[in-house]
Amino acid sequence: MSSPLETALARLDELGGISDSPSYLVRTFLSPANLLAAEKILQWMADLGMETSHAADGTVRGILVGSNPTAPPLLLGSHFDTVIDAGKFDGALGIIAALAALESLHEEKITLPFPVHVLAFSDEEGTRFQTTYLGSRSITAPLDLETLNAPDAAGITIAQAIACEGWHSVATAIRYDPGECRGYVELHIEQGRVLEEADQPACVVSSIAGQSRLTVTLTGRADHAGTTPMPLRRDALTGAAQCILAAEILAESHPPLVITVGKIQIHPGASNSIPQSATFTIDLRHPVDSDRREFLGHLHETFIHIATQRSLELQWIPIQDNNATPCDPALTARLQTSLAAVTGSRLTLASGAGHDGVVISKVCPIAMLFIRCRDGLSHHPDEFASPEDIGTGIEILTHFLKSCPS
Ligand code: GLV
Ligand code: MN
Ligand code: MN
């Protein structure tokens with residue numbers, strides 16, 4: 001029989017092989033691979049003797065009731081959607097490690113005095129709709145109308161995607177009210193280089209950085225590439241290029257501000273037509289919310305200036321604005337005690353990446369455990385966490401579960 005760690009490593013490979021592309025790993029909200037991954041995770045939960053359910057949006061849940069089914073539950077979990085050409089650890093590891101910790105307790109014949117709910121979210125990255133945290137947002141409150149009407153690149157809204165592509169057969173709403181749960185704990189790869197530099201396998205997280213995401217469209221006029229003199233052009237793409245470089249200069253001159261343009265589409269997109277429109281994404285992050293907003297305002301003014309100079313129309317569409325979210329000090333201190341018991345370290349780190357805890361903190365205390373990843377690399381197929389460090393993470397989580405008060 002394989003150990004919980006061996007099972008976890010095999011599951012990481014298995015989930016990493018479920019993709020919408022034959023060439024790289026990608027599983028976006030409600031895609032065929034996203035739903036296949038959801039079914040696979042549900043099966044693992046059922047194998048552990050959990051009560052399983054899923055929501056129409058593909059988020060799945062396994063419940064281990066423990067010896068006191070009416071005690072406030074502890075939530076564990078992470079997301080199983082991915083970015084495009086992803087690594088297999090971001091998100092998936094948190095779900096698989098949670099199951100491995102419960103398997104370890106099972107092997108030790110330990111029954112917890114409270115229910116544990118393992119949650120696996122169908123969207124955290126926001127790759128398809130640019131809206132982060134769809135899965136965890138749905139478990140805290142119904143999605144608002146504006147979010148439901150957000151379109152993907154093909155013009156399909158979130159509401160339409162859930163209605164037409166969702167997992168409706170025997171679906172149940174998964175929802176939590178404030179105060180209902182004792183906490184949410186997520187294990188995740190660090191996605192940065194601090195643990196590697198500190199020569200530590202793991203740390204706890206003090207807070208999750210805020211982020212703004214938006215879509216920008218510049219509109220000019222399509223015209224003939226061979227006959228339109230340069231001064232007469234209203235080229236949306238060269239305008240976008242100027243905006244994107246201005247964003248880079250702004251971020252480079254104001255660390256720790258980071259700005260990313262990860263996606264751009266142009267219309268009509270022909271080699272002999274001047275681009276009529278260019279639509280691109282902006283992801284802007286800063287650990288201090290007031291600074292993030294100030295830089296966002298500055299960027300908007302710069303784009304207005306560039307658009308005006310080039311006789312382009314500018315559409316500036318905010319998609320998401322999340323404040324920095326502190327992890328709960330008491331829950332984090334308990335997780336840190338388990339970290340220290342297993343590794344001897346009490347290292348704490350602020351997360352620059354976004355995580356579902358941002359949303360779940362609206363209904364219960366949150367804490368996070370980071371695991372070292374090679375070269376700090378993430379959102380890349382070479383993303384890697386060693387089996388030893390994953391084993392350490394599972395051990396810390398198991399220690400934490402055992403030491404939770406009833
Ligand atoms: C999630 O990976 C994010 O921080 O964008
Ligand atoms: Mn993640
Ligand atoms: Mn990610």
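The values are calculated or read from the model by the stated rules, or taken from the named source; none is laboratory data. Here the structure is a predicted model, which is why all the values come from computation and not from measurement. Here Cβ is always computed from backbone atoms with ideal geometry, including for glycine, and neighbour counts include all displayed protein chains. Areas reflect the complete protein model, heavy atoms only, side chains present, ligands, DNA and RNA absent. Shrake-Rupley method; radii C 1.70, N 1.55, O 1.52, S 1.80 Å.
So Ser406 fits all but one of (1) in a loop (DSSP other than H, G, I, E, B); (2) in contact with a helix residue (DSSP H, G or I) (Cβ under 8 Å, 6 or more places away or on another chain); (3) not aromatic (Phe, Trp, Tyr); what number is the exception?
(2)
Condition test on Ala120, is it assigned by TED's automatic domain parsing to the domain that holds Ser378 and either part of a strand (DSSP E or B) or out of contact with any strand residue (DSSP E or B) (no Cβ under 8 Å at 6 or more places or on another chain) (or both)?
yes
Gln320: open to solvent by 50 Å² or more (accessible area, probe 1.4 Å) and either modelled with pLDDT of 95 or more or within 16 Å of ligand 1 (Cβ to nearest atom) (or both), yes or no?
No; evaluated as a whole, the condition is false for this residue.
Those residues that are outside any helix (DSSP H, G or I) and either more than 10 Å from ligand 2 (Cβ to nearest atom) or over 17 Å from Gly192 (Cβ atoms) (or both), I need them from the stretch 88-97; list them, please.
Lys88
Here are Ala98, Ala92: which of them is away from ligand 1 (no atom under 16 Å from the Cβ), under 22 Å from Arg137 (Cα atoms) and open to solvent by less than 10 Å² (accessible area, probe 1.4 Å)?
Ala98
Considering only the stretch 176-197, I want to know if a residue exists there that is assigned to a helix (DSSP H, G or I) and among the hydrophobic types (A, V, I, L, M, F, W, C).
yes
Evaluate the following for Ala171: is it at pLDDT 95 or above, small (Gly, Ala, Ser) and within 15 Å of ligand 2 (Cβ to nearest atom)?
No.
Could you please let me know if Leu299 is crowded, with 20+ Cβ neighbours inside 10 Å, in the same structural domain as Tyr133 (by TED's automatic domain parsing) and over 22 Å from Ile84 (Cα atoms)?
Spelling it out, it is not the case that Leu299 is crowded, with 20+ Cβ neighbours inside 10 Å, in the same structural domain as Tyr133 (by TED's automatic domain parsing) and over 22 Å from Ile84 (Cα atoms).
Which of the numbered conditions does Ser311 fail, given that it passes all the others? Conditions: (1) open to solvent by less than 20 Å² (accessible area, probe 1.4 Å); (2) more than 16 Å from ligand 3 (Cβ to nearest atom); (3) outside any helix (DSSP H, G or I).
Result: Ser311 passes all but (1).
Suppose we filter His254, His286 for residues that are away from ligand 1 (no atom under 16 Å from the Cβ) and either outside the structural domain of Thr348 (by TED's automatic domain parsing) or in contact with a His (Cβ under 7 Å, 6 or more places away or on another chain) (or both); which single one remains?
Step by step, each of His254, His286 is checked, and only His254 is away from ligand 1 (no atom under 16 Å from the Cβ) and either outside the structural domain of Thr348 (by TED's automatic domain parsing) or in contact with a His (Cβ under 7 Å, 6 or more places away or on another chain) (or both).
For the list (1) within 16 Å of ligand 3 (Cβ to nearest atom); (2) open to solvent by 20 Å² or more (accessible area, probe 1.4 Å); (3) under 17 Å from Pro32 (Cα atoms); (4) of a type outside the set (Val, Ile, Thr), I need the number of the one condition that Glu125 fails.
Of everything listed in (1) within 16 Å of ligand 3 (Cβ to nearest atom); (2) open to solvent by 20 Å² or more (accessible area, probe 1.4 Å); (3) under 17 Å from Pro32 (Cα atoms); (4) of a type outside the set (Val, Ile, Thr), Glu125 misses just condition (2).
Can you report the number of residues in the stretch 101-117 which are open to solvent by 10 Å² or more (accessible area, probe 1.4 Å) and either outside any helix (DSSP H, G or I) or not assigned by TED's automatic domain parsing to the domain that holds Lys40 (or both)?
Qualifying residue count for the region: 7.
Would you say Leu335 is part of a helix (DSSP H, G or I), touching a Leu at 6+ places or on another chain (Cβ under 7 Å), closer than 30 Å to Glu107 by Cα and away from ligand 1 (no atom under 16 Å from the Cβ)?
Against the criterion (part of a helix (DSSP H, G or I), touching a Leu at 6+ places or on another chain (Cβ under 7 Å), closer than 30 Å to Glu107 by Cα and away from ligand 1 (no atom under 16 Å from the Cβ)), Leu335 qualifies.
Quick check: is even one residue across the stretch 252-266 within 16 Å of ligand 3 (Cβ to nearest atom), small (Gly, Ala, Ser), more than 20 Å from Asn323 (Cβ to Cβ) and assigned to a loop (DSSP other than H, G, I, E, B)?
yes
For residues in the stretch 39-89 being out of contact with any helix residue (DSSP H, G or I) (no Cβ under 7 Å at 6 or more places or on another chain) and free of Cβ contacts under 8 Å to residues at least 12 places away in the same chain, which is most open to solvent (accessible area, probe 1.4 Å)?
Here the residue is Thr70.
Could you check how many residues of the stretch 347-391 are open to solvent by 30 Å² or more (accessible area, probe 1.4 Å) and either among the charged types (D, E, K, R) or within 25 Å of Leu105 (Cβ to Cβ) (or both)?
The number of residues fulfilling the criteria is 8.
Counting only residues that are of a type in the set (Ser, Thr, Tyr) and more than 20 Å from Gln130 (Cα to Cα), which one in the stretch 266-296 is surrounded by the fewest Cβ atoms within 10 Å (Cβ to Cβ)?
Ser271
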